[in-house]
Amino acid sequence: MNQAAIHRALQGHIQKDPGAAELKRLFEKRLAANFTLLQSLFFSLYPESAHRETFFRLQDQLYSLFKKRSRDLKLQDLRRLEEGNWYQSEKWVGMQLYVDRFSGTLKGLEEKLPYFEKLGINFLHLMPINKRPKGPNDGGYAVNSYTEVDPAFGQDRDLARLTSSFREKGICLMLDFVVNHTSDEFAWAKRARKGDSEFQAYYYTYPDRSIPDLFEESLPEVFPETSPGNFTYIPEMQRWVMTVFNTYQWDLNYTNPRVFLSMLENLVELANKGVDVVRFDALAFLWKKIGTDSQNLPEAHRLVSLFRLCLQVVAPGVIILAEAIVAPHEIVRYFGEGALEGNECEIAYNATFMACLWNSVATKKTLLLNRSLRAMPPKPDPCTWINYVRCHDDIGLGFDDAHIAALGWDPGLHRRFLLDYFCQRLDWSPAKGAVFMYNPLTGDGRITGSTASLLGLEKALEEHNAAGITDAISKIGLLYGIVFASPGIPLVYAGDEIGMLNDYSYRGDPDKSDDSRWINRPVHDWETVSHLEKEGTHASEIYRNIQKLISLRKELPILADQDNTRLHDAGNEHLLVFERGSGEADSLLVVANFDSSAQVLNASWLTALGYVKNGEYRNLIDEGSKGIRSGLLELPPYELLWLVKI
Ligand code: OTU
């Protein structure tokens with residue numbers, strides 16, 4: 001049982017209209033229930049001998065933060081606790097977008113609510129909207145303030161209005177908490193620059209290279225092309241500061257408990273604005289230690305758990321998403337292990353799954369995908385995934401080398417093939433992507449590009465290749481159809497629903513030109529949206545496919561994440577076959593053909609599973625029963641089936 005379940009049990013039945021005293025009583029119960037864990041986590045990071053007082057400060061802080069939470073949100077917290085793992089429902093379908101590029105401002109976004117409703121979107125990840133530096137700012141991942149909205153997006157009150165109208169409409173809001181670093185213009189950084197040693201201790205700053213050099217021996221580089229090295233010299237303060245990401249993003253020093261307390265305040269303030277899911281950005285990097293790669297360290301996990309358990313006391317309806325794009329066996333650890341199982345992050349990005357889908361596109365085979373899915377360690381019951389095809393970042397090729405080798409492929413050469421396939425180094429490849437952060441020393445690189453361009457739409461349109469256009473449309477449906485049927489919350493990347501292509505305009509913007517991820521952060525094409533009713537355009541076809549998949553998903557309770565997914569071995573290396581449900585009448589069988597040729601499945605096998613009867617089957621995506629020929633079910637290239645029992 002995780003702590004949330006304990007809170008649920010202790011809360012019992014909610015009174016009809018609980019007053020302030022009752023709400024406070026429930027807060028105190030939650031605090032008491034978490035207290036032992038909180039203190040053991042806290043003192044494991046900040047030894048009791050030196051930090052006992054600070055711990056009691058934290059206790060007081062929790063109450064003052066709770067007092068600031070609105071009554072509306074407090075009531076929502078209680079309802080969510082009572083409901084249980086509300087985020088595992090099949091009803092959630094998400095979209096990720098940049099407010100400025102999608103609707104200009106927060107007010108503009110409110111006007112787009114009908115667009116979301118029509119498509120079936122009820123969960124939104126808005127990319128950072130906080131104050132940020134004017135020049136390069138990593139798309140807002142360099143923050144000048146954790147609590148204030150950047151004037152370019154609107155006012156703080158616009159956000160308040162938006163969250164309350166989201167609440168009314170049942171839309172879930174996810175915002176980022178850039179927990180690992182601030183911008184170099186953040187108030188703490190400014191004071192550090194001026195020589196204030198208290199604030200220099202909020203970051204990892206050093207007077208000379210001796211400690212930085214020790215770190216560098218084992219610290220990898222995240223942006224080797226544009227931001228080599230992990231320390232930046234700041235002449236004003238005559239010190240080096242750790243900057244693992246860009247030089248203008250200063251890493252926070254969580255070995256200092258004041259940093260934790262201040263960041264907790266920022267986190268709760270964000271939650272108190274009406275945010276439902278907090279995306280913990282780059283959380284794998286939270287704790288640094290000389291002699292290690294300073295990623296995924298046990299202390300980082302304990303720190304995240306400490307944030308989680310504090311937030312749970314104050315705002316139990318708010319959950320955390322782990323943005324840990326790390327090795328598969330490391331990702332699941334962000335759900336919490338041992339005594340912390342189910343007490344770290346409720347959601348994590350299913351990055352391995354995403355990367356394996358792209359691997360299957362390039363190889364037309366599902367071998368690595370199947371192998372990785374089988375090897376995925378189980379996740380705790382109260383947790384779930386975000387499943388996605390593309391996001392605003394690059395596609396890292398973070399597969400397990402052993403899995404690639406087990407297939408008889410050379411891991412290095414295979415990654416090279418994937419870069420070649422997606423990044424226009426092979427004449428025959430339909431993909432039009434770009435390389436992100438090529439590291440000539442290691443030969444490593446990552447892939448960027450829009451879903452549609454990576455799947456061949458851009459090239460096919462340029463070449464007036466009708467068959468290529470059809471293939472690209474099918475492949476978009478294929479990937480999204482898999483994601484919509486997988487356990488977890490599916491996230492559509494804004495623009496994918498209308499097949500938006502790469503946007504090359506970033507090359508002319510000096511603040512962005514060295515970051516090829518901008519190729520996939522387009523300004524939303526409302527002109528195309530206005531013509532979606534017109535039949536026969538590629539955009540309308542893609543849109544209708546996605547809209548249909550979403551509405552189908554929401555009508556299939558079997559798609560809620562209840563540990564009911566079974567991977568089947570179809571005996572065909574081009575197919576992915578998985579079943580949702582445990583074989584009951586309402587189960588769903590997903591069959592996906594990644595090959596450019598037709599493939600067949602043995603109908604007697606499908607009959608045994610209950611999905612074919614008297615030579616007929618029912619595919620929800622393409623309604624009506626179809627026949628089987630010569631005992632075989634034929635799947636055209638890139639075909640996707642959602643089969644229900646008949
Ligand atoms: C995140 O990503 C964000 O998603 C990026 O947009 C930011 O640039 C970055 O943090 C800094 O705030 O390096 O290439 O292993 O891959 O946390 C993306 C995890 C990133 C990292 C991930 C990071």
Picked from the stretch 526-554 (must be under 23 Å from the mean Cα position of the chain (by Cα) and open to solvent by less than 30 Å² (accessible area, probe 1.4 Å)), the residue nearest to Asp471 (Cα to Cα) is Ile542
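Conditions (1) of a type in the set (A, V, I, L, M, F, W, C); (2) under 28 Å from Thr363 (Cβ atoms), marked per residue:
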residue	(1), (2)
Leu575	yes, yes
Phe594	yes, yes
Gln599	no, yes
Leu606	yes, yes
Val612	yes, no
Arg618	no, no
Pro637	no, yes
Lys645	no, no
All helices (runs of 4 or more DSSP H) inside the stretch 323-421 with 1 or more residues being of a type in the set (Gly, Ala, Ser) and more than 16 Å from the ligand (Cβ to nearest atom): 351-363, 367-375, 401-406
Consider Cys310 carefully, then state whether it is part of a helix (DSSP H, G or I) and over 26 Å from Leu397 (Cα atoms). yes
Picked from the stretch 223-246 (must be part of a loop (DSSP other than H, G, I, E, B) and of a type in the set (A, V, I, L, M)), the residue nearest to the ligand (Cβ to nearest atom) is Val244
Checked the stretch 293-322 for anything more than 23 Å from Glu83 (Cα to Cα), of a type outside the set (D, E, K, R) and away from the ligand (no atom under 14 Å from the Cβ); matches are Pro298, His301, Leu303, Leu306
Single condition Ile331 does not satisfy, out of (1) over 26 Å from Phe35 (Cα atoms); (2) open to solvent by 10 Å² or more (accessible area, probe 1.4 Å); (3) touching a Phe, Trp or Tyr at 6+ places or on another chain (Cβ under 8 Å): (2)
When Gly615 is evaluated against the numbered criteria (1) open to solvent by 20 Å² or more (accessible area, probe 1.4 Å); (2) in contact (Cβ under 8 Å) with a residue 24 or more places away in the chain; (3) in contact with a helix residue (DSSP H, G or I) (Cβ under 8 Å, 6 or more places away or on another chain), which criterion, by number, is the only one it fails? (2)
Given the stretch 151-222, what helices (runs of 4 or more DSSP H) lie entirely inside it while holding 3 or more residues that are under 28 Å from the mean Cα position of the chain (by Cα)? 156-169
Which of the following residues is acidic (Asp, Glu) and not in a loop (DSSP other than H, G, I, E, B): Glu541, Glu573, Glu584, Glu533? Glu541
Considering each of Thr226, Thr232 in turn, give the residue that is among the β-branched types (Val, Ile, Thr) and open to solvent by less than 40 Å² (accessible area, probe 1.4 Å). Thr232
Within the stretch 290-304, the count of residues that are charged (D, E, K, R) and assigned to a helix (DSSP H, G or I) comes to 2
Can you tell me which residue in the stretch 566-585 is surrounded by the fewest Cβ atoms within 10 Å (Cβ to Cβ), limited to those that are aliphatic (A, V, I, L, M) and closer than 14 Å to Leu373 by Cα? Leu567
Return yes when Tyr98 is open to solvent by less than 30 Å² (accessible area, probe 1.4 Å), touching a residue at least 12 places away in the same chain (Cβ under 8 Å) and touching a Ser or Thr at 6+ places or on another chain (Cβ under 7 Å) and no when it is not. no
All positions within the stretch 32-53 that are open to solvent by 20 Å² or more (accessible area, probe 1.4 Å) and closer than 21 Å to Asn266 by Cβ: His51
Residue by residue through the stretch 247-289, note down the ones that are away from the ligand (no atom under 15 Å from the Cβ), assigned to a loop (DSSP other than H, G, I, E, B) and not acidic (Asp, Glu). Asn253, Tyr254, Thr255, Asn256, Lys273, Gly274, Val275, Lys289
Go through the residues of the stretch 511-525 one by one and say whether even a single one is free of Cβ contacts under 8 Å to residues at least 60 places away in the same chain, exposed (fewer than 12 other Cβ atoms within 10 Å of the Cβ) and not hydroxyl-bearing (Ser, Thr, Tyr). no
Trp250 is checked against (1) open to solvent by less than 20 Å² (accessible area, probe 1.4 Å); (2) touching a Gly at 6+ places or on another chain (Cβ under 8 Å) and fails just one. What number does that condition carry? (2)
Would you check which residues across the stretch 208-240 are closer than 26 Å to Asp394 by Cα and among the β-branched types (Val, Ile, Thr) and list them? Val222, Thr226, Thr232
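The values are calculated or read from the model by the stated rules, or taken from the named source; none is laboratory data. Only a predicted model underlies this, so the values are computations on that prediction, with no experimental measurement involved. A quick note on method: Cβ atoms are made from the backbone with ideal geometry, for glycine too, and the neighbour counts reach across all protein chains shown. These area figures cover heavy atoms from the full protein model, side chains too; ligands, DNA and RNA do not enter into them. Shrake-Rupley method; radii C 1.70, N 1.55, O 1.52, S 1.80 Å.
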